[in-house]
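Here, each number is a calculation from the coordinates, and none is a lab measurement. Owing to the predicted nature of the structure, the values given are computational and were not obtained by experimental measurement. Glycine also receives a Cβ, built like all others from the backbone with ideal geometry; neighbour counts cover every protein chain displayed.
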Amino acid sequence: MRTTRGKPTLDRSLEGEPALATAMATALQALEQADRVTHGFHTYPAGLNPDAARDLLALFPGDSLHDPFCGGGTVLVEGLLAGRRVHGRDLSPIAQLVARSRTRVASPEVLTQLRATARRLADVAKFAQTMPPGPILSVVGDWYEPHVLAELEALRVGVRDAQVLDEARWLLWATFSSIVVKASFRASDTSSRREVHARPPETTAILFHKKSRELGRRLEALAAAVPAGTPVADVGWGDARQAPDIAPVDLILTSPPYPSVYDYLAVQDLRAAWMDVGLAERQEIGPRRAFQELGSREAWRQWQADTHTWTRAVASRLRPGGHLVVVIGDGLVEEGTVPTWETTRAAAEAAGLRFRASASLARPDPVRRATRWEHALAFTRP
Ligand SMILES: C[S@@+](CC[C@H](N)C(=O)[O-])C[C@H]1O[C@@H](n2cnc3c(N)ncnc32)[C@H](O)[C@@H]1O
């Protein structure tokens, strides 16, 4: 990172069409975490910056959009705000839950059910005494104080059994999911460091109620901001290496896993245990675990093969004249950097797409005390 008169500036490198590359660099430079509509509702690791997503979208006008690695749904929310038909898929059922809850233009009836049910469940959970059943307890037991376990268990059973519309149940699960790590001794979603702190009785139930009200408010803001006539967001589970079951789109904007940076599936173990969902960890692309288990050379080879497979799969859903935009950062392993730009470009060209431009920015990585490059690459289907 360079500094100019005391202000940090990011080193950058541009390729291809100069105007497009410069505009993509400007979009990537967004650093402040915008909190409009539903963006800030639920944490999700490595979420794209909402302003960057908005500005990249604006560079490629059209009426439809797909994100095959949608994570918490940042790109989908921005697509809805721009009035587009949006599709999102992710291998993680937690990503599916978060993205789905963030992109609902919910009816007043669903929002009333969300609020009323959450209040009722919270009132009951404050006085809960029952521990979660064995299979859940064996995973989550060490991470909570006993009364917090009992409050969460009452909420879990309450959400599962509530007499509500499916849509409202999704929102209640998303609310539950949003407090699972916060109420635990986990330092954060992506760290398994233990931080023991006191959480007084009843506050977990109260937090659940507060989060349901926050979600309700955010969804109302989303409904007010999405242009009339925008189709309902289509969010589902999917492995990006298989062509998605969607009508052709005119933009694919996505941020695939950066090699060896996170274990996106494994970090959701607490939520998965509480909500009884399976994590298809072996299907994850580029997890840290693979780099540790297989060694960097073999894991990188695997990541390259996966990059070619998913790029070919999604390119088959682009309209002629449509665009693929990939935001990806280099990985860091003991031996050094795991480069991503070359493979991303080669995979898109092998899939029949034409390279248009790219912007690369140097990002300081304080955790690893290093600098990692992050790239946005744009391609067009002839
Ligand atoms: C960088 S994150 C995406 C973050 C997203 N752009 C956001 O703003 O929240 C990468 C995502 O890829 C998902 N993923 C990993 N392997 C996958 C696969 N084979 N198919 C689909 N999704 C996968 C992970 O679950 C993770 O959510």
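Brief remarks follow.
- A full extension of the chain between T26 and F127 corresponds to an added length of 31.2 nm, given 0.36 nm per residue minus the alpha carbon distance.
- Rounded FRET efficiency, nearest 0.05, which uses the C-beta distance separating A228 from Q163 and R0 of 30 Å: 0.40
- Interchain or long-range residues, amide H under 5 Å from V338's placed H: G331, L332, V333
- Build a GNM of the chain with springs between Cα atoms under 10 Å apart, and of H42, H197, H147 the one that fluctuates most is H197.
- FRET E, pair R282, V367, Förster distance 25 Å, beta-carbon r, rounded to 0.05: 0.45
- Inter-centroid distance (Cα atoms) of the stretch 26-83 relative to the stretch 328-372, Å: 20
- Between V139 and E334, the contour length at 0.36 nm per residue exceeds the Cα-Cα span by 67.1 nm.
- For T371, distant residues with modelled amide H under 5 Å away: D365
- The Stokes-Einstein estimate for the stretch 108-225, based on a Kirkwood radius over Cα pairs and taken at 4 °C with 1.567 mPa s viscosity, is a diffusion coefficient of 88 µm²/s.
- Proximal aspartates and glutamates relative to K210, as straight alpha-carbon distance under 14 Å, when same-chain residues fewer than 8 apart are discounted: D123, E202
- Max mean-square fluctuation residue, GNM over the chain, Cα-Cα springs under 10 Å, options V77, V164, V86: V164
- The simple Förster model, with R0 at 45 Å and r as the Cβ-Cβ distance, assigns E293 and R119 a FRET efficiency of 0.45.
- Taking other C-beta atoms within 10 Å as the exposure proxy, L215, L57 rank L57, L215 from fewest upward.
- Straightening the chain between R194 and D35 buys 54.4 nm, computed as 0.36 nm per residue apart minus the Cα-Cα spacing.
- Kyte-Doolittle mean at least 1.6 and Cα axial length at least 27 Å: DSSP H helices in the chain: none
- Most mobile listed residue (P50, P256, P366) in the chain, GNM with C-alpha springs under 10 Å: P366
- Per-residue [θ]222 nm for the chain (sum of -39500 (n - 2.57) over DSSP H runs n ≥ 4, rounded to 500): -13000 deg cm²/dmol
- Contact order normalised by residue count of the stretch 108-225, Cα under 8 Å, 6+ apart, percent: 36
- Cut-off 12 Å between beta-carbons: net charge of the residues surrounding K182, Lys and Arg +1, Asp and Glu -1: +3
- A cut-off of 5 Å between modelled amide H atoms, ignoring neighbours fewer than 5 places along the same chain, links G88 with D67, D234, V235, G236.
- Among the trypsin sites (Lys or Arg not before Pro) within the stretch 306-382, those in coil by DSSP and having at most 16 neighbouring Cβ atoms inside 10 Å are R368, R369.
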